[in-house]
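Working notes, structure below.
The values are calculated or read from the model by the stated rules, or taken from the named source; none is laboratory data. The shown structure was predicted, so the numbers you read here are calculated from the model rather than taken from an experiment. Reconstructed Cβ throughout: ideal geometry from the backbone, glycine too, with neighbour counts over all protein chains shown.
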4 protein chains.
Amino acid sequence: MKRDLEGESCGDRSSYVSTVRVRYAETDQGGVAYHSNYLHWFEVGRTEMMRELGYPYADVERVEGVLLTVVEAHLQYHRPAFYDEVLRIESQVSDVRRVRSRIDTLVRRDTDGELLCSGHVWLASVNRSGGVVRLPSGLHAALLAARPKVETQEEGKTDPAGIV
Amino acid sequence: MKRDLEGESCGDRSSYVSTVRVRYAETDQGGVAYHSNYLHWFEVGRTEMMRELGYPYADVERVEGVLLTVVEAHLQYHRPAFYDEVLRIESQVSDVRRVRSRIDTLVRRDTDGELLCSGHVWLASVNRSGGVVRLPSGLHAALLAARPKVETQEEGKTDPAGIV
Amino acid sequence: MKRDLEGESCGDRSSYVSTVRVRYAETDQGGVAYHSNYLHWFEVGRTEMMRELGYPYADVERVEGVLLTVVEAHLQYHRPAFYDEVLRIESQVSDVRRVRSRIDTLVRRDTDGELLCSGHVWLASVNRSGGVVRLPSGLHAALLAARPKVETQEEGKTDPAGIV
Amino acid sequence: MKRDLEGESCGDRSSYVSTVRVRYAETDQGGVAYHSNYLHWFEVGRTEMMRELGYPYADVERVEGVLLTVVEAHLQYHRPAFYDEVLRIESQVSDVRRVRSRIDTLVRRDTDGELLCSGHVWLASVNRSGGVVRLPSGLHAALLAARPKVETQEEGKTDPAGIV
């Protein structure tokens, strides 16, 4: 029933991987990484993914004048991350529509692959004044192509009718 | 079907209100408050709520040795928050179990009440070594009493069987 | 020899006071507020000071198109700040030139006035493209007027020759 | 007269280099990296330096029970850092005493070496209860050995009389 990420779902070739190391500034007095930092690491993950896809986000914003703004975020915290640990961020395009797209992300402890956090964000493309716009067509195609190759139900998920 | 917060549901006496002002440090180059800051503001909201309930979180951690760690977070971003705006944070206890409890939070623009973000976190009580423990009984009772007084379905939500 | 702030120097009428409460997100695993947060609190302090002076920083940026960018910062940490403590931020204009101005700031524990951190920033006024510009004249006058009334050496400090 | 870092002084073999990439979360609405983030990058720089010296800070804290707390920080901002730029952090031990040590840090744009920020922090070694303690002897020796090999005035800077 839960349609949240399973640890395995990001393990294939359509998952883009980057790493970060937990900074002291990111810990809290509970002795672990504070929970908001995962949103920063999700951002690092999708930034590197977009670079690999040929659409560095800096260019999308500067050249195309389009911002991908986070309109929804969901995070499940499975185990804590500790200071100085290397984390592996696995990002995956899971849904692409005309305006919105969804990026699923897993954060793992790099040494043993233990899953620390799973979640996703929905991004909406907007212009500089905050108005909703369509995803630039090149980026739209690249994101579509980056989705994992699963047999079923993908048609429905890409929302061919163009609902936001 | 979505059981997310409706703007109205936090408007009654069981909603605890505090305010913050958006800092320059919290903005990003898109000209709005960066999306991770809402988790900080959610934290401010439930901190002030717990103080009002007579269980300041600092005491829970120091005196009882219990940490309330965020195990799940969900946020929907409706409109951007801008630099120097005063935000009104409305927090509400929406579910209380033996170990976990859920806090729903709305963030509104203070001047006109416009809803900017809605979401919730699930908190789990753990001890200093990270082991799951029951909520301290006094706090458990206070949280139960803080829930909004709605006629129906509350029994089910409080999970009398004590499932985590 | 050190020309750093003395605790007393900010106690007169020319000191602008605001308060913050230490957030859990601002602590680190050492059990105290992480040292970079003081720069955020300095910012809160001078934001409130400018509002009191009649020049809310948001307006300076939006209406006048001038940004006051930090070009130098110095901080001395005397004692740690702990989670949930209320801090008193005392800000004072200590030098005003044509482009640059210096704001001295003290951060005290609110309960007993204990000095936790003292420091200053130098702000330079720049336009949207990062070019150095003169302080808007109204703001320049307001900052000059806000300096503490000390008999000596003020002339020299205001740099009448207009050196940056 | 200024005894701040010169860009050149960190270029020799005694300078420890690491890199970071500016995150969107680290920008502000002025379109540049917010000034407090440099303290995080300074921290990254000295963390990697200590790892290279054979004293990973995580071990110092966990094994030796000693915290190196920032007691003073100074930063000069020369040019802004922009989103997605790679920054090169050059860290250097510039003074080592029984309790305190000083780390000088330069932050450069990686593509062309342009100096963006220079500064230093003074670290004091304290125990878990915040009491001042001597630097662990192994770490003390490693830091001494890591200082740049300059002919003059080093004796004075190491403070042989052991003043804090």
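For segment B:56-73, the tally of residues that are farther than 16 Å from A:Val32 by Cα and crowded, with 19+ Cβ neighbours inside 10 Å stands at 3. Here's a check for you: in segment B:108-137, which residue that is farther than 18 Å from B:Thr69 by Cβ and out of contact with any Asp or Glu (no Cβ under 8 Å at 6 or more places or on another chain) is surrounded by the fewest Cβ atoms within 10 Å (Cβ to Cβ)? Top of the filtered list is B:Asp112. Would you please list the contacts, defined by Cβ atoms under 7 Å and residues six or more apart or on different chains, that run from a residue in segment D:25-38 that is closer than 17 Å to D:His78 by Cβ to a residue that is modelled with pLDDT of 95 or more and assigned to a helix (DSSP H, G or I)? So the pair list comes out as D:Ala33/D:Glu26; D:Tyr34/B:Ala25; D:Tyr34/D:Glu26; D:His35/C:Leu39; D:Ser36/B:Ala25; D:Ser36/C:Leu39; D:Ser36/C:His40; D:Asn37/D:Glu26.
Within segment C:67-97, the residues that satisfy the criterion of being within 14 Å of chain B (Cβ to nearest Cβ) and of a type in the set (Phe, Trp, Tyr) are C:Phe82, C:Tyr83. Within the set C:Ser125, C:Ser101, C:Ser91, the sole residue that is in contact (Cβ under 8 Å) with a residue 60 or more places away in the chain and either touching a helix residue (DSSP H, G or I) at 6+ places or on another chain (Cβ under 7 Å) or of a type in the set (S, T, N, Q) (or both) turns out to be C:Ser91. Residues being more than 11 Å from C:Val96 (Cα to Cα) and at pLDDT below 90 are represented in segment C:153-164 by at least one member.
Looking for something within 7 Å of another protein chain (Cβ to nearest Cβ), in contact with a helix residue (DSSP H, G or I) (Cβ under 9 Å, 6 or more places away or on another chain) and among the charged types (D, E, K, R) - is there at least one such residue anywhere in segment D:28-35? Yes; the residues of segment D:28-35 include at least one that is within 7 Å of another protein chain (Cβ to nearest Cβ), in contact with a helix residue (DSSP H, G or I) (Cβ under 9 Å, 6 or more places away or on another chain) and among the charged types (D, E, K, R). Remark: A:Gly30 falls outside the filter, which requires a residue to be at pLDDT 95 or above and part of a helix (DSSP H, G or I). Applying the selection to segment A:51-66, what residues are without any contact (Cβ under 8 Å) to a residue 12 or more places away in the chain and more than 10 Å from chain D (Cβ to nearest Cβ)? Result: A:Val63, single match.
Within segment A:1-27, restricting attention to residues that are modelled with pLDDT under 95 and of a type in the set (A, V, I, L, M), the residue that is surrounded by the fewest Cβ atoms within 10 Å (Cβ to Cβ) is A:Met1.
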